[in-house]
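In what follows, a structure is listed as structure tokens, so that the remarks can point back to it.
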Amino acid sequence: MDNVAIVVDDLAAAKAFFAELGLELEGEATVEGSLVDRLVGLEGVRSDIAMMRTPDGHGRLELTKYQTPSSRAGDPRAPANTLGAHRIMFAVDDIDDILDRLRPHGAELLGDVVQYENSYRLCYLRGPAGILVALAEPTGR
């Protein structure tokens, strides 16, 4: 897999949120023109993209803010079992620390932090633009 792309309404806020999770900004660009229109099946596309890289260098997250055409609003409060819903899971060393650092960026827990068997502490949270993010802290090392 090369990357996962997520459409956001506030690119700066999304970059700050994922930077707090340890992702590094790899590059930014504005894309537009007939090639982009044909690629995504829309007309008059102009979008700002920020590519963020995971700390291990193996994964990338593309954050996209469409200037034109305007994005259709989804339900930023859609539950985790919504058809077509997505979430991104990150392995972390300390869930409590990450949650404390993400809350100022608008992160909200969907439920509780739970212990799954003797393997992981897990949680789901909602980030910018309603993005579902899961955190997994290994405990059975």
Accessible area expressed per residue, the stretch 88-138, with surrounding protein chains retained (probe 1.4 Å, Å²): 52 Å²
Accessible surface ranking that places the most exposed of Leu135, Leu109, Leu35 first, with a 1.4 angstrom probe: Leu35, Leu109, Leu135
Taking the Cα-to-Cβ direction at Glu28 and at His105 and moving 7 Å from each Cα, how far apart do the two end points lie in nm? 1.5 nm
Could I have the simple spin-label model distance between Ser71 and Val40, label points 7 Å from Cα toward Cβ, reported in nm to one decimal? 0.9 nm
The chain - charge dipole about Cα centre, Lys and Arg +1 at Cβ, Asp and Glu -1, debye rounded to 20: 320 debye
Under the rule of -39500 (n - 2.57) per DSSP H run of 4 or more residues, summed and divided by the residues of the chain, what mean residue ellipticity at 222 nm is obtained, to the nearest 500 deg cm²/dmol? -5000 deg cm²/dmol
Report, to the nearest 10°, how far helix 11-20 tilts away from the longest principal axis of the Cα atoms in the chain, using its own Cα long axis and a range of 0 to 90°. 30 degrees
Can you pull out the GluC sites (Glu not before Pro) in the stretch 1-74 that DSSP calls coil and that have at most 11 other Cβ atoms within 10 Å? Glu43
Which log10 I(q)/I(0) values does the stretch 88-138 give at q = 0.24, 0.31 Å⁻¹ under the Debye formula, counting every alpha carbon as one identical point scatterer? -0.86, -1.33
Label of the coordinate-derived value, Cα extents along the principal axes in Å, listed as (1) 59, 35, 32; (2) 104, 56, 29; (3) 52, 30, 28: (3)
Could you look at the stretch 53-141 and say what percent of its accessible area is carbon and sulfur, using a 1.4 Å probe and all protein chains? 48 percent
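The values are calculated or read from the model by the stated rules, or taken from the named source; none is laboratory data. Here the structure is a predicted model, which means the values were calculated and not measured. Ideal geometry is used to build each Cβ from the backbone, glycine not excepted, and the neighbour counts take in all protein chains shown. In case anyone asks, the SASA skips ligands and DNA or RNA and just uses the protein heavy atoms, side chains included. Shrake-Rupley method; radii C 1.70, N 1.55, O 1.52, S 1.80 Å.
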